[in-house]
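Take a look at the structure below.
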Amino acid sequence: MSIKKKITDTYKKKIALIKKHNKYYYNDDKPQISDADYDKLKNEVLDLEKKNVYLKDLNIFSETLGAPPTNQFKKINHLKPMLSLSNAFDENGMIDFLKKIKNYLNIKEFDLDLISEPKIDGISATLIYENGLLKKGLSRGDGYIGEDILENLKTIKEIPKDISRQNVPKLLEIRCEIFIGKKDFYILKDKFANPRNAAGGSLRQKNPKDTSKIPLKYFAYGFGVIQPMIFEKQSEFLKRLNSWGFLTNPLSKNVKGIDEIEKQHKSLDSIRSSLDYDIDGLVFKVDDLKLQQRLGNTSNSPRWAIAYKFSAEKAITKINNIIIQVGRTGAITPVAKVDPVTVGGVVVSNATLHNEDEIKRKDIRIGDTVLIQRAGDVIPQVVSVNISKRDKKARKYIFPSKCLCGAETKKELSKNTKKRDAVRRCTKGYDCEFTAKEKLKHIVSKEAFNIDGLGKKVVDQFWNLKIIKEPSDIFKLNYNKINELEGWGDLSINNLKKAIKDAKKIPLNRFIYSIGIRHIGQENAKILAAFFLSVKEFSKLSDLKNREKILKNLNELDGIGETQVESINNFFFNKKNVIITNNLIKQLDITDYSLKSSKGKFSNKKIMFTGGFENMSRSEAKSIAENNGGKVLGSVSKKLDLLVVGDSKPTKKKINQARDLKIQIISEKEWNKILNS
Ligand code: IVH
């Protein structure tokens, strides 16, 4: 055995040992060695790395540090969900953002006041003050349930603990970003992959004393609940935060219109490297809080804010191979295996090539020297080839016509554009083991069943061991078998059991989203759930005779188009999908689609809109109805209580149908009157 190999083996063994003790300490809460022995072990590894630099390139040690799992913190419901932001990557993205806001509010001619704030790439947390005293501190968690990390947050000196003398609202929830300064990170750089990981690791230490060892900083940028509400503008809120003793980012600025947006974006991009913290873009927010409230949220992000990212970080590397990957919709994506290279603090060894046409267009070959880029959480991609560096041995990639499962693939014809799709797809669905595995990953994901402890890696593991073969298996796991696997202790199994038990109860809209019908995202799933109301009705799609009738009705739903209807048809046409979906349904308690809140002006009323309105968009009208206890339907039927007819181009057919069914019909004027009453 070569010396190098021997050293590598020792190194790997020591790391495996650290991992084992991490698990005893963090997962099982039963440390098997003293802190001193643990530190000694860690130092031995660091020592080996220092003497043998090549070990660091293996990049395995950083993974083992600073990532204790979640289950040791108490879980607490957020007073208000902590959503994420949608992204814009260029001027067009921002123009689109402004346009959508104006459409939603149905305003035309004025430049909206926005506030621009640097977007720090850190860890978000929320601080709850009751009568001015810091009472709770939570991590974001899944956005709905956070973890109690109050004691760790308290170690950050600059976070005010008592502002009771400042005459603050009784209940004050402050959202902030926790980060590590670049200079401070420099000292820790051997232990963590990047500043963000380091901040996360520090915040999630079991012992606040360990948190205090890693210097955390913060900026406050937003609020959850404030009672009583005393602010009218975001900019005013930030100023006041400052006077109360919170740190806010001094680079925030009010702007108006696309030119000022661009100017601010360029200006901060040019100084970002001189800041002591990483920013990955700017957040633009509608400054007026009343407008923010009118705009509200889509499923995951507010309509009133957007993250305008800086252009991606780039690096040069070499393509060693090209492989294909299969997605949950059967999409075949070519992926370049590249020489590992650090891009924006993360080691990248895979980069997407998008599709067959893209490889041809850019003339990308195996062996080529290429420029790759990574923007935020987006998968790294190959941007261009340096032809001058092309090796004689570089060879063209022949795109396979078959899926990894062996089945022929197809390029579909798009109903909307009438063009052939650039993406090849395997159409075998669950009959393709590669597609099936990805479908499972979708099912357990955050927006679907949200099963903690059943991440992508675990799905891979369980799939390979045939512990899970189809979605229903998740709810029939053989825990004895899992107990025998490496890395699974009693505690982690109990956590998994509980997470799966909790996931069994699922609202109809989430269930519809989870089963992964192509073109049915979270919003469409809600529209469908509002139409079917119960899983019993939804299941009728499995039956061919019923299906034809139902699909005709779906076509009339506001928000559902031909593409969606065809996709639903395709999904249920596939017998395996039907069997698998029914097997899954048997394991679950799927709750009927229900009103968001049943209290309000339209309590339990089923409402439909037709035509355009002068003071608001139809989308806003719908969400007002929902927020006031109503349920919005997409088609006229006996179930409907109220049809609201906007002045601009209402559909005659719908009005006539409603009239025939003796449903109450009101005009735009009457609608406005009800809202103002
Ligand atoms: S506002 C409803 N403002 O970015 C979400 N977020 O992707 C409102 N972030 O989780 C977020 N700086 O951790 C906002 N000035 C800023 C921010 C900021 C950093 C982070 C935050 C959030 C994530 C959203």
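Here, each number is a calculation from the coordinates, and none is a lab measurement. In this text, all values refer to a predicted model and were calculated from it rather than measured experimentally. Cβ coordinates were reconstructed from backbone atoms using ideal geometry, including for glycine residues, and neighbour counts include every protein chain displayed.
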Relative contact order as a percentage, the stretch 64-210, C-alpha pairs under 8 Å and 6+ apart, gives 32 percent
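Tell me, what is the FRET efficiency for D9 and S270 to the nearest 0.05, using R0 = 35 angstrom and their Cβ-Cβ distance as r?
The calculated FRET efficiency here is 0.15.
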Quick note on E486, E412, ordering by fewest other C-beta atoms within 10 Å, gives E486, E412
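Charges at C-beta only: +1 for Lys and Arg, -1 for Asp and Glu. How large is the resulting dipole of the stretch 391-522 about its Cα centre, in Debye rounded to 20?
860 debye
How big is the dipole moment of the stretch 478-628 about its Cα centre under a simple scheme where the beta carbon of each Lys and Arg is +1, that of each Asp and Glu is -1, and everything else is neutral? Debye, nearest 20, please. Let's see the in-between values first.
On the way: 25 positive and 17 negative charges, 100 e Å.
That gives a dipole near 480 debye.
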Listed with the fewest Cβ neighbours within 10 Å leading, Y397, Y218 appear as Y397, Y218
Ranking I178, L188, G224 by how far each Cα lies towards the positive end of the charge dipole of the stretch 87-245 (+1 on Lys and Arg Cβ, -1 on Asp and Glu Cβ), the top one is L188
The rounded separation in angstrom of the Cα centers of the stretch 105-127 and the stretch 523-565 is 36 Å
Dividing the helical contributions, -39500 (n - 2.57) per DSSP H run of n ≥ 4, by the residues of the chain yields a 222 nm value, nearest 500 deg cm²/dmol, of -11000 deg cm²/dmol
The size of the Cβ-based charge dipole (Lys, Arg +1; Asp, Glu -1) of the chain about the Cα centre, to the nearest 20 debye, is 1560 debye
The set of cysteines in the chain having no other cysteine's C-beta under 4.7 Å reads C176
With a Förster distance of 60 angstrom and the Cβ-Cβ distance between A36 and F573, calculated FRET efficiency to the nearest 0.05 equals 0.40
Taking 529-540, 138-149 and ranking on average Cβ neighbours within 10 Å, highest first, one gets 138-149, 529-540
Taking a crude spin-label model, label points 7 Å out from Cα along the C-beta direction, the N582 to L413 distance in nm is 3.3 nm
Rounded to whole angstrom, the alpha-carbon centroid of the stretch 593-650 lies from that of the stretch 295-371 at a distance of 41 Å
Any residue on another chain or 5+ positions along whose placed amide H is under 5 Å from the amide H of N350 is listed here as V338
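Packing-wise, with mean Cβ within 10 Å as the measure, how do 577-583, 95-101 rank, highest first?
Order by mean packing, descending: 577-583, 95-101.
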Contact order relative to length for the stretch 301-397, counting C-alpha pairs under 8 Å separated by 6 or more residues, stands in percent at 27 percent
Computed from the beta carbon distance with a Förster radius of 25 Å, FRET efficiency for D96 and S311 to the nearest 0.05 stands at 0.90
